[in-house]
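> Quick one: the structure is below, and I'll ask about it shortly.
The values are calculated or read from the model by the stated rules, or taken from the named source; none is laboratory data. Quick caveat, the model's predicted, so the values are computed rather than measured. All Cβ positions, even for glycine, are placed from backbone atoms using ideal geometry, and neighbour counts span all protein chains on display. All accessible areas refer to the heavy atoms of the entire protein, side chains included, with ligands and DNA or RNA removed. Shrake-Rupley method; radii C 1.70, N 1.55, O 1.52, S 1.80 Å.
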Amino acid sequence: QEQIVAIFESIGMRVVGTCEDGVAALAKVKELKPDLVSLDIILPDMNGIDCYRELKKMNADIRCIFASVLGAHISENFREDIPPHLFMNKPFLPNQLQESLKKVFS
């Protein structure tokens, strides 16, 4: 988590919170209302895919990105409801994050 936070901050983003699992993420998003939610696919209690789906039910306009070692391998499996450009492979560099965010915010 610390490395990902550092990368987000290195491109000028402010990280308002972090969570260890999907259930906690849902509560934190309700509380903090962030502009972007970064999810891993593998999370305890509720995986990132299910968390994403719940977040979209809460707010269809919420912006999310997946940062996972499984990103490229799993994105095709969820093409129906999760656009492939939302998946980034960890580890990633600041310029790769910036490119992904351009797509997320366009």
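> If I filter segment 12-32 for residues that are touching a Lys or Arg at 6+ places or on another chain (Cβ under 6 Å), open to solvent by 80 Å² or more (accessible area, probe 1.4 Å) and assigned to a loop (DSSP other than H, G, I, E, B), do I get at least one hit? Lay out the reasoning, then the answer.
Pass one, segment 12-32, residues touching a Lys or Arg at 6+ places or on another chain (Cβ under 6 Å): 17, 19.
Okay, now just the ones that are also open to solvent by 80 Å² or more (accessible area, probe 1.4 Å), so none.
Within segment 12-32, none of the residues are touching a Lys or Arg at 6+ places or on another chain (Cβ under 6 Å), open to solvent by 80 Å² or more (accessible area, probe 1.4 Å) and assigned to a loop (DSSP other than H, G, I, E, B).
> Same structure again: State which residue is farthest from residue 19 (Cα to Cα) when the search covers only segment 55-86 and only residues that are modelled with pLDDT of 90 or more, within 13 Å of the chain's Cα centre (by Cα) and outside any loop (DSSP other than H, G, I, E, B).
Pass one, segment 55-86, residues modelled with pLDDT of 90 or more: 55-66.
This time we only want the ones that are within 13 Å of the chain's Cα centre (by Cα), so: 55-56, 62-66.
Filter again for outside any loop (DSSP other than H, G, I, E, B), leaving 55-56, 64-66.
Details: 55: 14, 56: 18, 64: 15, 65: 15, 66: 14 Å.
The selected residue is 56.
> Which residue pairs have Cβ atoms closer than 6 Å, lie 6 or more positions apart in sequence or on different chains, and pair a first residue in segment 29-50 that is touching a residue at least 24 places away in the same chain (Cβ under 8 Å) with a second residue that is open to solvent by 60 Å² or more (accessible area, probe 1.4 Å) and among the charged types (D, E, K, R)?
36/63
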